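K.L.:
Please read through the structure below; I'll follow up with questions.
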Amino acid sequence: MTPDHPTPETGPNGYVRTHVAAGIGRIEFYHPKSNSLPGTLLRELASTITNVSRQPEVRVIVLQSGGTGPFCAGASFDELTSITDIAQGQQFFSGFAGVILAMMRAPQFVVTRVHGKAAGGAVGLIAASDYAIAVDKASAKLSELAVGIGPFVVGPVIERKIGLASFSQMAVDADWRDAAWCERRGLYAKVVHEELALDGAVDQLASTLAASNPEAMAQMKQVFWAGTEHWDAMLAERATMSGTLVLSDFTRQAISAFKAK
């Protein structure tokens, strides 16, 4: 696993890496700041998922992050504070929309390996998975309201996955939910007790799916995400909402205070 600090190998800007073998396309992202996602990484992650999904030898996609800390801390606060106009804000939050749409529209099942905490936009990525396996330390929260915005872009996919009531709870009370709560609500399909068991569970499921009928899985995927054909336009509108709010004095002060903790 990659350490949670930049090295000559990883660099300060993180990476997106792929490995395809035995029908399994593994995609790993990493950023030295708690696996937060700046716009460049979001765009690279979305394009990588799309490109891997188009490889005929890939029967299943495994999404994971590097390091031993959080699975993903969500949006990059450094980039949020650098946004100066609505167009920049819309472009940044559209990055999360791009990854979510790429995951949903891949004809393969996307299995996500959640080895640590997930905050903000990360919850949306997990919800866009077809199956997520997590360790019991992998708490999750929607932190957007705490920094003056809302989970507008990731909201639709989270609501679809766990229901309006549970999504509303997470959005209004921006506190951590433990992995057991996430499993009961359906955000996590399975929770295991240690990282070794996590790797075993992910590998076993991925191998089983890689040996399954790709046509059947592709049709199942279409059924799972039926009714989301209009989401391109909807998520673009939601990105504009977030991109506008991030420019407010309230939000800038809230983000600065959050970073100072």
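The values are calculated or read from the model by the stated rules, or taken from the named source; none is laboratory data. What you see is a predicted model, and the numbers here were worked out from it, not measured in a lab. Cβ coordinates were reconstructed from backbone atoms using ideal geometry, including for glycine residues, and neighbour counts include every protein chain displayed. Calculation scope for accessible area: heavy atoms of the full protein, side chains included, ligands and nucleic acids excluded. Shrake-Rupley method; radii C 1.70, N 1.55, O 1.52, S 1.80 Å.
K.L.:
Return the pairs, sorted by first residue and then second, in which the second residue is surrounded by fewer than 11 Cβ atoms within 10 Å (Cβ to Cβ) and of a type in the set (Val, Ile, Thr), the first residue lies in segment 213-238 and is touching a residue at least 12 places away in the same chain (Cβ under 8 Å) and under 17 Å from Glu159 (Cα atoms), the beta carbons are less than 7 Å apart, and the residues are 6+ apart or on different chains.
P.N.:
Close Cβ pairs satisfying both conditions: none exist.
K.L.:
Related question: Give the residue that is nearest to Ala102 (Cα to Cα), with candidates limited to residues of segment 218-248 that are polar (S, T, N, Q) and open to solvent by less than 60 Å² (accessible area, probe 1.4 Å).
P.N.:
Going through segment 218-248, the residues polar (S, T, N, Q) turn out to be 219, 222, 228, 240, 242, 244, 248.
Then keep just the ones that are open to solvent by less than 60 Å² (accessible area, probe 1.4 Å); that gives 228, 240, 242, 248.
On the way: Thr228: 12, Thr240: 20, Ser242: 20, Ser248: 30 Å.
The extreme case among them is Thr228.
K.L.:
Going residue by residue through segment 162-181, is there one that turns out to be under 30 Å from Pro214 (Cα atoms) and aliphatic (A, V, I, L, M)?
P.N.:
Within segment 162-181 (the criterion being under 30 Å from Pro214 (Cα atoms) and aliphatic (A, V, I, L, M)), the answer is yes, since at least one residue qualifies.
K.L.:
Which residue pairs have Cβ atoms closer than 9 Å, lie 6 or more positions apart in sequence or on different chains, and pair a first residue in segment 159-180 that is more than 20 Å from Lys137 (Cα to Cα) and touching a residue at least 12 places away in the same chain (Cβ under 8 Å) with a second residue that is of a type in the set (Val, Ile, Thr) and not in a helix (DSSP H, G or I)?
P.N.:
As it stands, the answer is Arg160/Thr228, since those pairs meet every condition given.
K.L.:
A further question on this structure: So which residues in segment 194-217 are under 15 Å from Ala106 (Cα atoms) and either at pLDDT below 95 or loosely packed, with under 15 Cβ neighbours inside 10 Å (or both)?
P.N.:
Within segment 194-217, Glu215, Ala216 meet the criteria.
K.L.:
Which strands (runs of 3 or more DSSP E) does segment 7-80 wholly contain that include 3 or more residues that are open to solvent by 20 Å² or more (accessible area, probe 1.4 Å)?
P.N.:
In segment 7-80, 15-21 are the strands (runs of 3 or more DSSP E) which contain 3 or more residues that are open to solvent by 20 Å² or more (accessible area, probe 1.4 Å).
K.L.:
Additional query: Only one of (1) more than 27 Å from Pro56 (Cβ to Cβ); (2) over 18 Å from the mean Cα position of the chain (by Cα) is not met by Ser212, so which one is it?
P.N.:
(1)
K.L.:
Still on this structure, please answer the following. Name the residue, out of Ser256, Ser242, Ser207, that is farther than 25 Å from His115 by Cβ and over 20 Å from the mean Cα position of the chain (by Cα).
P.N.:
Just a single option satisfies the conditions, and that option is Ser256.
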